[in-house]
Amino acid sequence: MTTRKPRKGRMWSDVLADTFDEEQIAKIREAAASELEELKSLAALRKKLGVSQVELAEIVGISQPRLSNIERTDDHRVSTLRRYIEGLGGVLEVGAVFWDEEEEREIRIPLAEVAGY
């Protein structure tokens, strides 16, 4: 039986460079940035999912004016975001990403592990 050596992880930028040319990478990044910009606000996410403020407010258990206020605010508590996202049928995932120089890889730590959620 042959024992395989564990493969060292690769940087995403290296995978992209090996798979696509510069022009294709630029187009991919532009499309991703456009998609992210489109969903930058909670209201844009809600609208993309086809849910009205009234419907979501009812699901979350708050008034429509309170929901409107949440959508216009830039700084949210994690618990507020969790209720909002869960009301839309999603799951909120928050984490920290660190770079391990020694292992040359990212270390991702979900918030649940850090804060006991």
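Any residue in segment 9-33 that is without any contact (Cβ under 8 Å) to a residue 12 or more places away in the chain sitting within a Cβ distance under 7 Å of a residue that is surrounded by 10 or more Cβ atoms within 10 Å (Cβ to Cβ) and in a helix (DSSP H, G or I)? List the pairs, counting only those 6 or more apart or interchain.
Qualifying pairs under 7 Å: PHE20/ILE28; ILE25/LEU16.
Of the residues that sit in segment 39-59 and are more than 17 Å from THR73 (Cα to Cα) and in a helix (DSSP H, G or I), which one is modelled with the lowest pLDDT?
Among those residues, the one meeting the criterion is LYS48.
Here are LEU67, LEU16: which of them is modelled with pLDDT of 85 or more, surrounded by 11 or more Cβ atoms within 10 Å (Cβ to Cβ), out of contact with any Gly (no Cβ under 7 Å at 6 or more places or on another chain) and of a type in the set (A, V, I, L, M, F, W, C)?
The match here is LEU67.
Which numbered condition trips up LEU36, out of (1) under 21 Å from VAL91 (Cα atoms); (2) touching a helix residue (DSSP H, G or I) at 6+ places or on another chain (Cβ under 8 Å); (3) modelled with pLDDT under 95; (4) not β-branched (Val, Ile, Thr)?
(2)
The values are calculated or read from the model by the stated rules, or taken from the named source; none is laboratory data. Note that this is a predicted model, so its numbers are computed, not measured. FYI the Cβ positions are ideal-geometry reconstructions off the backbone, even for glycines, and counts take in every protein chain you see.
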